[in-house]
1. So Glu130 passes all but one of these: (1) under 20 Å from Asp58 (Cβ atoms); (2) in a helix (DSSP H, G or I); (3) modelled with pLDDT under 90. Which condition number does it fail?
2. Quick test of your reading of the structure: Arg138 fulfils all but one of (1) in a strand (DSSP E or B); (2) of a type in the set (D, E, K, R); (3) modelled with pLDDT under 90. Name the failing condition by number.
3. Return the residues of segment 150-185 that are assigned to a strand (DSSP E or B) and modelled with pLDDT under 75; say none if nothing qualifies.
4. Being in contact with a strand residue (DSSP E or B) (Cβ under 9 Å, 6 or more places away or on another chain) and not hydrophobic (A, V, I, L, M, F, W, C) is the filter; apply it to segment 129-143 and report the residue that is surrounded by the most Cβ atoms within 10 Å (Cβ to Cβ).
5. Would you check which residues across segment 89-113 are exposed (fewer than 14 other Cβ atoms within 10 Å of the Cβ), more than 19 Å from the chain's Cα centre (by Cα) and not charged (D, E, K, R) and list them?
6. May I ask you to say which residue of Val121, Val114 is assigned to a loop (DSSP other than H, G, I, E, B) and either β-branched (Val, Ile, Thr) or under 16 Å from Leu84 (Cα atoms) (or both)?
7. Being over 28 Å from Leu50 (Cα atoms) and among the basic types (Lys, Arg) narrows it down to one residue among Lys161, Lys102, Lys143; which is it?
8. Here is a check on your reading of the model: is Asp122 under 16 Å from Arg152 (Cβ atoms), of a type in the set (D, E, K, R) and either surrounded by fewer than 15 Cβ atoms within 10 Å (Cβ to Cβ) or touching a residue at least 40 places away in the same chain (Cβ under 8 Å) (or both)?
Amino acid sequence: MRMSRWFTDLFRRSAKSMRDKRGSGTIIFGLLFLIPFMTFSMFLVESKFLYSIKNAADDAVTAAALAALKSVNPLDIAYGEYVLDANAARDTFYEYLRNNMKLDAGMNPLPGSVAVGPVYVDEFIVYNPESYPAFCPRGTYIKNTAIHVVLRFKTRRPVLKGLFGEYVDITLHRDVDNYYNLQEE
């Protein structure tokens, strides 16, 4: 009861002030300035937050791809070209991706994951010496043994849910190689 009386008193005072035309211009100008300014500020905070989520997922993809680039014989890597077993690379990539992004065996998020739905690996291509030089499907020039990955997932929008929707689609494209050449003397 007290809250409703406080609210009605405040409403009556503001209505009386608007009728007297004292300060109404300042109030209207303040609202016209404050609402877009606050929306823009929330947009900036949200965009930085979503950028950090995308960077964390990109780091997880890069680390998983680097783990998948391992060779059976480590000396092959040091002396130039080497051949990856595509199936072993894919299995290693998925294992490390699930650990890095906190996903279960079905690529669904576990508690603490940045994804809110299933994570989809749309493209996974292993480039071995017989398949390069080439361009990946997204246009990156491949000149070494490499892994091409395109991954997509949804994450929750932190602030402007009512304005732009509750979820954001994130797509990552990464071409990873570990080129290092040890010259023989």
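The values are calculated or read from the model by the stated rules, or taken from the named source; none is laboratory data. For clarity, every value in this text was computed on a predicted model and none was experimentally measured. In this analysis, Cβ positions are derived from the backbone assuming ideal geometry, glycine residues included, and neighbour counts consider all displayed protein chains.
1. Only one criterion is unmet by Glu130, namely (1).
2. Status for Arg138: all satisfied but (1).
3. Kept after step one, since they are assigned to a strand (DSSP E or B), are these residues of segment 150-185: 150-156, 167-177, 181.
Within segment 150-185, just Asn181 meets the criteria.
4. To start, the set of residues in segment 129-143 that are in contact with a strand residue (DSSP E or B) (Cβ under 9 Å, 6 or more places away or on another chain) comprises 131-138, 140-143.
Right, trim to not hydrophobic (A, V, I, L, M, F, W, C) and you get 131-133, 137-138, 140-141, 143.
Numbers: Ser131: 12, Tyr132: 17, Pro133: 9, Pro137: 11, Arg138: 11, Thr140: 13, Tyr141: 10, Lys143: 11.
Among them, the one singled out is Tyr132.
5. Ala105, Gly106
6. Values: Val121 fails: assigned to a loop (DSSP other than H, G, I, E, B).
The unique qualifying residue is Val114.
7. On the way: Lys161 fails: over 28 Å from Leu50 (Cα atoms); Lys102 fails: over 28 Å from Leu50 (Cα atoms).
Only one candidate qualifies: Lys143.
8. Values: under 16 Å from Arg152 (Cβ atoms): yes; of a type in the set (D, E, K, R): yes; either surrounded by fewer than 15 Cβ atoms within 10 Å (Cβ to Cβ) or touching a residue at least 40 places away in the same chain (Cβ under 8 Å) (or both): yes.
So Asp122 passes the test.
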